[in-house]
Ligand SMILES: NC(=O)C1=CN([C@@H]2O[C@H](COP(=O)(O)OP(=O)(O)OC[C@H]3O[C@@H](n4cnc5c(N)ncnc54)[C@H](OP(=O)(O)O)[C@@H]3O)[C@@H](O)[C@H]2O)C=CC1
Ligand SMILES: O=C(O)[C@@H]1CCC=N1
C-alpha cells in the first residue's frame, strides 16, 4: 500500500512513528511531502526511512491513501494543488475543524474519512475520533481503521461531534502537559526528582481509571481523608474554580474548531 502524507509536521510525524512502531506498515509504504521545508522531509526520511518527494504527479499517481496533514489555513491551497492528481484514492483528513463537505467541494466526489487523533500516536496511544462519508467502501473503512488502530484507540462518532473530540482529546495532551508544568514548578525544591513522582502519579491514576471500575469521583474520595492533606489541597482547587476553568478550556477549544471551519472553509 502507498500512503502519502500531505504535510510533514508534528501530527504527520506522530502518525509515521506510531505506524512504524506498530509494525503494521513498512517504511517503504509511507511517503511525505510538505510545502517547501526540504530539510524537514530529509529529517523524516533519515529518522523513519519514509520516502519524500515534491513531484505531486508521481507521488499521487499510485497512492492508495492520501492523508491531509497541513494546518487548516493551508488546506484550500493544498487541496487545489493535489486535486488534478487524484484518482479516487482514499482521503483521510486530520485537520481540525474542516468538514468532509469542504474537502468534497474542492476535490469532488471521493471516499473521505475525517479523523481527530492526538500526538500520543507517536507511542501508539492516540485517542482517535473518526467519521466517514458515504462513498467509503468497506475495504477502505478497514484500511482507515487499521491505520488508526495501529496508533491507539479508535471511536467512530458523528462528524458533528468531532469539534468536541478535538477540544477534548485532540488538544487534550497539551492540557495534561500544562498541569505537569504546574506540578513540576510547585515541586521545584525536589529538583530533578520531581518528574518521576509526577509521571508515575499520572500513569497510576490513568491505570486506576482504566481498570478499577470506579468513577473518578470515587477514586478521588478514596484518597481524601477527612481533615487530611488531599482535602486541604483540593480546597484550593475548588476556591479557584478549577473545574469551571477546565469546562471553559474544553468548550473554548471545541468552539474554536467551529471557528476554524467558518474561517477557512470560505470558498472564493
Ligand atoms: N499537532 C497536533 O497535536 C494535532 C494536529 N492535528 C491537525 O493536524 C494538522 C497538522 O498539524 P501540525 O502537524 O501540528 O502542523 P505543522 O505546522 O507541524 O505542519 C504542517 C505541515 O503542513 C505543510 N504544508 C503547509 N501547506 C502545504 C501545502 N500547500 N502542501 C503540502 N504541505 C503543506 C507544512 O509544510 P512546510 O513546513 O514546508 O510549510 C508542514 O509540513 C492540522 O490541521 C491540525 O489541526 C490534529 C490532531 C492533533
Ligand atoms: O491546536 C490545534 O489546532 C491542533 C488540533 C488539535 C491539536 N492541535
- Query: Pairing the Cα long axis of helix 242-264 with the longest principal axis of the chain, what angle in degrees results, from 0 to 90 and rounded to the nearest 10?
  - Reply: 10 degrees
- Task: Only Cα pairs under 8 Å and at least 6 apart count here; give the relative contact order of the chain as a rounded whole percent.
- Result: 18 percent
- Item | Förster radius 35 Å - calculated FRET efficiency between residue 21 and residue 223, Cβ distance, rounded to 0.05 | 0.55
- First check a/c for the stretch 76-212, with a ≥ b ≥ c the square roots of the eigenvalues of its C-alpha gyration tensor; if it is under 1.5, answer rounded, and if not, answer prolate when a/b is larger than b/c or oblate otherwise. prolate
- Task: Can you tell me the order of 178-185, 39-46 when each peptide is scored by its average per-residue count of other Cβ atoms within 10 angstrom, highest first?
- Result: 39-46, 178-185
- Helix 138-149 versus the longest principal axis of the chain: what angle, 0 to 90°, nearest 10, using Cα atoms? 40 degrees
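So if each residue of separation counts as 0.36 nm, and I subtract the Cα-Cα distance between residue 206 and residue 181, what length gain in nm does that give? Walk me through the intermediate numbers first.
Details: separation 25, 0.36 × 25 = 9.00 nm, distance 1.79 nm.
Computed gain between residue 206 and residue 181 is 7.2 nm.
Rounded, prolate or oblate: which one fits the stretch 172-256, using the alpha carbon gyration tensor with axes a ≥ b ≥ c (rounded when a/c is under 1.5, else prolate when a/b beats b/c, else oblate)? Numbers along the way, then the final one.
Numbers: a/c = 1.28, a/b = 1.10, b/c = 1.17.
The shape class here is rounded.
Only counting other Cβ atoms within 10 Å, I'd like 261, 114 sorted with the fewest neighbours first. Can you show the working numbers first?
Numbers: 261 18, 114 24.
Ascending Cβ contact count within 10 Å gives the list 261, 114.
With an 8 Å cut-off on Cα pairs and a minimum separation of 6 or more residues, tell me the relative contact order of the stretch 103-246 in percent. Each step should come with its number before you reach the end.
Values: 117 pairs, mean separation 24.6, N = 144.
Once divided by the residue count of the stretch 103-246, the mean separation gives 17 percent.
State, as an integer percentage, the relative contact order of the stretch 3-162 based on alpha-carbon contacts under 8 Å between residues 6 or more apart. If you can, show how the numbers build up before the last one.
Numbers: 298 pairs, mean separation 36.6, N = 160.
Relative contact order of the stretch 3-162: 23 percent.
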- Item | Simple label model, 7 Å out from Cα along Cβ direction - residue 81 to residue 248, nm | 3.9 nm
- Message: Stokes-Einstein diffusion coefficient for the chain at 10 °C in a medium of 1.306 mPa s, Rh from the Kirkwood formula over Cα pairs: what value in µm²/s?
- Response: 78 µm²/s
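So for 243, 2, 35, fewest C-beta neighbours within 10 Å to most, what's the order?
Working: 243 10, 2 17, 35 14.
By the 10 Å Cβ count, ascending, the order reads 243, 35, 2.
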- Query: Under the rule of -39500 (n - 2.57) per DSSP H run of 4 or more residues, summed and divided by the residues of the chain, what mean residue ellipticity at 222 nm is obtained, to the nearest 500 deg cm²/dmol?
  - Reply: -15500 deg cm²/dmol
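By average Cβ neighbour count within 10 Å, what is the ranking of 190-203, 83-96 from highest down? The partial results should precede the final answer.
On the way: 190-203: 11.8, 83-96: 19.6.
Going from most to least packed, we get 83-96, 190-203.
Taking the mean number of other Cβ atoms within 10 Å as a proxy for protection, how do you rank 57-66, 15-24 from highest to lowest? If you can, show how the numbers build up before the last one.
Values: 57-66: 17.0, 15-24: 19.9.
Packing order, densest peptide first, comes out as 15-24, 57-66.
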- Cα centroid separation - the stretch 128-169 against the stretch 73-124, whole Å: 13 Å
- Message: Just to confirm the number: angle between the C-alpha axis of helix 10-21 and the first principal axis of the chain, 0 to 90 degrees, nearest 10?
- Response: 90 degrees
- Note on the structure: Neighbour-count ranking for 26, 158 (other C-beta within 10 angstrom, fewest to most) reads 158, 26
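Computed from the coordinates by the stated procedures, all read-outs in this text should not be read as laboratory data. In this text the structure is predicted, and so the values were computed from the model without any measurement. Quick reminder, even Gly has a Cβ in these numbers, built from the backbone with ideal geometry, and neighbours come from all protein chains shown.
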